[in-house]
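Every number in this text was worked out from the coordinates using simple rules, so none of it is lab data. Only a predicted model underlies this, so the values are computations on that prediction, with no experimental measurement involved. Neighbour counts run over all protein chains shown; Cβ positions are idealised from the backbone, glycine included.
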Amino acid sequence: MNGLMRLFEQRIRGIRLIELVGLLLVFGLIFWVCVSKAREGEDIRRINELDRQIAAEQAAVDSLRIKVAQLERPGRLEQLAVEYLGMKPTDPSHEARLESLGEISRATSKPMSPASVTAPAPPEPASAGAADDLITVAPARRAPEVASADSRRGGRP
């Protein structure tokens, strides 16, 4: 305990050591507070600038939303479709009811007659001039015949 008391009683040029340490701590705290306040002022200025930028961007977004709403007006789109694509509104006579779809399908479908169905033409043989080509026409192959049940068992068909 005497050692601690001697620390409080030591003097440097007439000032006790403990008072000198306390004074240095007070000046250090004052300096730290001033530096903190300066940094806080810079942060506040930066936050205010960011708030102004956000407000400007929000105003730009709002104006773009208004512009999109104007461009997506159905009347404008209809006018552009008529002007550039030659489209026009559907006539009421072209609309169909669900009950009439069967009649429309029968009326528009055309049955194919056997005479109109033709077999595909066989491929033409390669000409002499086509020998230079890398792609040649292969001769038509016959489809393999399906073996009957008797031939699979070893019997004759």
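Just a few scattered comments:
- Those lysines that a straight Cα-Cα span of less than 27 Å connects to LYS67, excepting residues fewer than 8 apart in one chain: LYS88
- For peptides 10-17, 91-98, sequence by mean Cβ density within 10 Å, most packed first: 10-17, 91-98
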